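The values are calculated or read from the model by the stated rules, or taken from the named source; none is laboratory data. Predicted, not measured: the structure shown is a model, and the values here were computed from it. Cβ: placed from backbone, ideal geometry, glycine included. Neighbour counts: every protein chain shown.
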Amino acid sequence: MTRPAVLAAGRRAKAARMTSTCKVERITGEVTDPDTAVVTLTRDVVLAQAFCYIPRDPVDATAPRVGDVGVATEQRTALELPWDTTGIRGGDLVTILTSPTPAVVGRVLRVAAVAADEDATALRLSCEEVT
């Protein structure tokens, strides 16, 4: 089997495991309601709906911090998207829309790093879970 054939087979196998779907958004600013002083973040959709996979990697809890989505406890987790996904960058927010595991639906992750590799079978993201 040739190297391109092996890579294509690996990418097909990885895609077959992506049974969850997610939405990726980028925070573009904020708007403050003049009457209530409530701040609402404005967001652009980067990916409206993409297949994704949450590997069973260990999570690493860190101390609470104040961020652009409020005070949150963050946990490091991994997320995989199809290998040819483009446009994702650090700070983007990923919301899990559907999953065979109901407990993960609705989770919001902040992308900390994007690991790109020319021989990748998936686009791997290192994320901080925002709870």
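Quick look at the values:
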| read-out | value |
| --- | --- |
| Candidates T85, T62, T95, T121 - the one that is surrounded by fewer than 16 Cβ atoms within 10 Å (Cβ to Cβ), modelled with pLDDT of 90 or more and not aromatic (F, W, Y) | T95 |
| Cβ pairs under 8 Å, 6+ apart, first in region 41-61 and within 20 Å of G29 (Cβ to Cβ), second at pLDDT below 90 and surrounded by fewer than 14 Cβ atoms within 10 Å (Cβ to Cβ) | L41/D68; L41/V69 |
| Top-ranked residue of region 1-34 - restricted to ones that are aliphatic (A, V, I, L, M) and in contact (Cβ under 8 Å) with a residue 24 or more places away in the chain, ranked as nearest to V104 (Cα to Cα) | M18 |
